[in-house]
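The values are calculated or read from the model by the stated rules, or taken from the named source; none is laboratory data. Bear in mind the structure is a predicted one, so any value in this text is a computation, not a measurement. Glycine gets a Cβ as well: all are built from the backbone with ideal geometry, and neighbour counts include every protein chain shown. When the accessible area is computed, the model is the full protein with side chains, heavy atoms only, and any ligands, DNA or RNA have been set aside. Shrake-Rupley method; radii C 1.70, N 1.55, O 1.52, S 1.80 Å.
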Amino acid sequence: MPSGNDMFGKRPRVVAPRSRGGCHTCRIRRVKCDETKPACIRCKKFGRVCDGYEVSKRTYHHYEPVSKPGTRNRNILPLAVASNSYSPSLPPITIRFQDENDEQYFRLFHAETCGALSGGFDTPLWSLIVPQACHDEPCILRCAIAIAALDRACKVKNIESLADTAEKYHRDALIQYGKALQGVQDVILSRHDSLRTTLIAALLIFCFENFHGDVRFALTNVRSAVDLLHGWLADKSTIETPIGFSPAPHIIEHDLVSAFGRLDVHLMSWIDAPPPPRTTIPSCGMTEPKPIPLAFQSITEAKTSFEYLATRIFDYLSTISTSKKKKKRRSPPSSPESETSEIYTGSTSSFETGSEMLYSSSTNALEYELTKWMGAFTPILTYSRTPHGSHTFTGATTLRVHALTLQLSLRSATLPNPEISSLFLPEYCEIVALCRETVQHPSFVRTFVFDSGILPSLFMVLTKCGDGMVRREALDVVKRAGPRREGVWDSLMVGRVGEEILRREEEGLGESDGEGEGKGWVEIHLQCLSTTFNLPTPDGEESRGYVDGRGFLLDWVERSRRVNGARK
């Protein structure tokens, strides 16, 4: 006799094993996912952003640094093996979100925005410290969500069909940013152990305000955090620590100290108000430098070594700059002819004091170390040009550009006559060529990155190189990089300064009469490049009394954006 199911034409339901490999978007919406990678077809079909798939099911643990203060994590694998085993070290996400929007924004920050902010380097600050802080502190999470929403708004704002969507992203960013600021204030008022949280929040607020376009407020706001870190470092000054490293990494990680050290240099060049009387962050508790190897084993090792060497060179160049100012106040400048003759007869210093030989010896020693670093870095740069090493292309090329720029600053520091800078034409040409390669690479970010990249170097070419054709090449690269911002450096500002210099030269409007600043020009010294520049003032106006050039570039940024907004 047929069963009941057979009589009514029904068959027993086959229960298939439930798949748990769907994308995050489909799982949140509780719909079936086709699990196509890297992005599922269902999300594309319905116009949604597929947030990808879970990579790891590991339980999240709070980060505790395992290395001793002053040690560096060195990759002991052979170069080829080490490079092929590269993977970003993002921790898994185990946060309980309030709603779907928060989760999608944070997954964007976790998967894309952190990598973009790092500027081509897999640094612990953006791959580990900040993501983990988002798990620990709700106010840091709100900052991250706000930045991700703003990032998405910037990416779609120029697409006419997505104008309403861009506005929604921007509105979400401002709402989350307001919550983040309130959360940070509550942490500072209610907890005595809030220093680390305050510092990380200050970095993210700096990024948001820069992303949003208010560079002046971003710098002013982060200055209080820099002062807090200075106070903490002063209390730990008895602990021997390498330059740029933390004396207590279990409290404040090395990468946080290094990040604020780089910001501190920009504060001295960009902020209107003079800095308080204190040493720079990277100089606290210095120990003997680690020798440069014959060949670096990883780009991380090369970057750490370069930052250490660059700090020492900047300190030395700052000493030279101070000596030049004292000499200028004591005696009138010599004639260009005698200065040019001095260069070609082999003298490396323009100082008429008993310390000439000391400066010459120090310059040669530091340039030797920099040249040795470049040699050790060559295998890393070469590998970045291969298919297996393409993920390191932007970071490796940027490091090479930085090394060339630092070499120019070091060599030109003792030049008495700026015209002799034409001797450096090959270096200028290589900088422009490398920057063009970087801009054309698929991994190049055209929005905002935390650290300085190629823009300061292109700025130096535009303002120092005597060859008009090379300057125009540099200007073209700057325009192609836009609307990129690197920390405080804005591609729009760099381009406007370059255009103004070329325009005035074509119209025969010289810089000065040889006695310093001329009408419509101002002499500034940028600590972040350890170089003195004679630059046109915004709108050709008279100098408003810039002290050591502070505030000058900020005026140019704001003027450039006003002009750009008017043209739109």
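Annotations for the structure displayed:
- Hey, residue 494 modelled with pLDDT of 90 or more and under 17 Å from residue 559 (Cα atoms) or not: yes
- Which numbered condition residue 199 fails, given (1) over 26 Å from residue 253 (Cβ atoms); (2) crowded, with 17+ Cβ neighbours inside 10 Å; (3) not small (Gly, Ala, Ser): (1)
- Residue among 163, 144 that alone is in contact (Cβ under 8 Å) with a residue 12 or more places away in the chain and aliphatic (A, V, I, L, M): 144
- Set 174, 189, 228: member being open to solvent by 70 Å² or more (accessible area, probe 1.4 Å), aliphatic (A, V, I, L, M), without any contact (Cβ under 8 Å) to a residue 12 or more places away in the chain and out of contact with any strand residue (DSSP E or B) (no Cβ under 8 Å at 6 or more places or on another chain): 189
- Screening segment 154-264 for helices (runs of 4 or more DSSP H) wholly inside it with 3 or more residues that are in contact with a Cys (Cβ under 7 Å, 6 or more places away or on another chain) returns the ranges 163-190, 195-212.
- Of all the criteria given as (1) within 18 Å of residue 120 (Cα to Cα); (2) open to solvent by less than 10 Å² (accessible area, probe 1.4 Å); (3) at pLDDT below 95, the one not satisfied by residue 443 is (2).
- Residue that is farthest from the chain's Cα centre (by Cα) [pool: residues in segment 143-159 that are open to solvent by 20 Å² or more (accessible area, probe 1.4 Å) and under 15 Å from residue 104 (Cβ atoms)]: 156
- For residue 367, the conditions (1) surrounded by fewer than 17 Cβ atoms within 10 Å (Cβ to Cβ); (2) modelled with pLDDT of 80 or more; (3) in contact with a Phe, Trp or Tyr (Cβ under 6 Å, 6 or more places away or on another chain) all hold with the exception of (3).
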